[in-house]
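Novice: Next up is a structure, given as structure tokens.
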Amino acid sequence: MVIVVMGVSGVGKTTVGMLLARALGAEFAEGDSYHPPPNVEKMRAGTSLDDEDRWPWLQILAAEIDTWLAEGRDVVLACSALKRAYRDLLAHGRPQVRFVYLKGEAALLRARLDQRRGHYMPPTLLASQLAALEEPDDALTIDVSGPPEVIVEQIRIALAEL
């Protein structure tokens, strides 16, 4: 199974994803690490990615998902997956792919991003991500206002009920 932990910047995709992978005995993959260098430079410069930038990245992730599933690996993937079309590409023909949508209030996310260090994506891009976000109606939705350990436990319980 591949669990895609999704949402805008600042929701805790990496933190929650890593903890969830550990709790499930799965591997963790950071979707941002698959971005081609021009995408990283564009974001570092404070410019939002558009669909043209994101499609090659998403196709790389879809190919990775195919590999993981073919090899029988359980993976938790942190990936923004902001639009329905992006999620459709990642899940198409792959019933073993599940989405966990981490959702938070904009003020909370801005505060988190203002405190984050060492990430190439500046807090100024949050507004563009919120504008691009098409909230999923077919994902497990989890509020991120609590501690990461509590969020992971909520996800574990919900996944067990699927």
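Novice: Please compute the volume of the convex hull spanned by the alpha-carbon atoms of segment 7-76 and report it per residue in Å³. If you can, show how the numbers build up before the last one.
Specialist: Values: hull volume 6.3 nm³, N = 70.
Roughly 89 Å³ of hull volume per residue.
Novice: I would also like to ask the following. Evaluate the charge dipole of the chain about its Cα centre and quote only its size in Debye, nearest 20, assuming +1 on the Cβ of each Lys and Arg and -1 on the Cβ of each Asp and Glu.
Specialist: 360
Novice: Let me ask something else. I need the Debye-formula profile for segment 70-162: one equal scatterer per C-alpha, no solvent, reported as log10 I(q)/I(0) at q = 0.15, 0.21 1/Å, two decimals.
Specialist: Results for segment 70-162 at q = 0.15, 0.21 Å⁻¹ read -0.72, -1.28.
Novice: Turning to a different aspect of this structure: Have a look at the DSSP beta bridges in the chain and tell me what percent are antiparallel, nearest 5.
Specialist: 0
Novice: Shifting gears a bit: Could you tell me which of Gly93, His35, Thr67 has its Cα farthest along the dipole of segment 23-100 towards the positive end, charges placed at Cβ (Lys, Arg +1; Asp, Glu -1), taken about the Cα centre?
Specialist: Of the listed residues, the answer is Gly93.
Novice: Then there is this: Which of the chymotrypsin sites (Phe, Trp or Tyr not before Pro) found in segment 41-123 are loop residues per DSSP with 16 or fewer other Cβ atoms within 10 Å of their Cβ?
Specialist: Numbers: sites: Trp57, Trp68, Tyr86, Phe99, Tyr101, Tyr120; in loops: Tyr120.
Filter output for segment 41-123: Tyr120.
Novice: Given C-alpha coordinates of the chain, what is the ratio Rg to Rh with the Kirkwood estimate of Rh?
Specialist: Answer for the chain: 0.93.
Novice: By how many nm would the segment from Trp55 to Asp74 grow when fully extended, if each residue of separation counts as 0.36 nm and the alpha-carbon distance is taken off? Intermediate results must be reported in sequence, preceding the final value.
Specialist: Numbers: separation 19, 0.36 × 19 = 6.84 nm, distance 2.40 nm.
Length gained between Trp55 and Asp74: 4.4 nm.
Novice: Would you please give the FRET efficiency between Leu162 and Thr124, computed as 1/(1 + (r/R0)^6) with r the Cβ-Cβ distance and R0 = 35 Å, to the nearest 0.05?
Specialist: 0.40
Novice: Kindly state, to the nearest 0.05, the FRET efficiency for Asp143 paired with Ala23, given R0 = 22 Å and r defined as their beta-carbon distance. Could the numbers behind the result be given before it?
Specialist: Values: r = 18 Å, r/R0 = 0.83.
For Asp143 and Ala23, the calculated efficiency is 0.75.
Values in this text are rule-based calculations from the coordinates and carry no lab data. Since the structure is predicted, the reported quantities are computational estimates derived from the model, not experimental observations. Because the Cβ atoms are built from the backbone with ideal geometry, glycine has one as well, and the counts that use them run over all protein chains shown.
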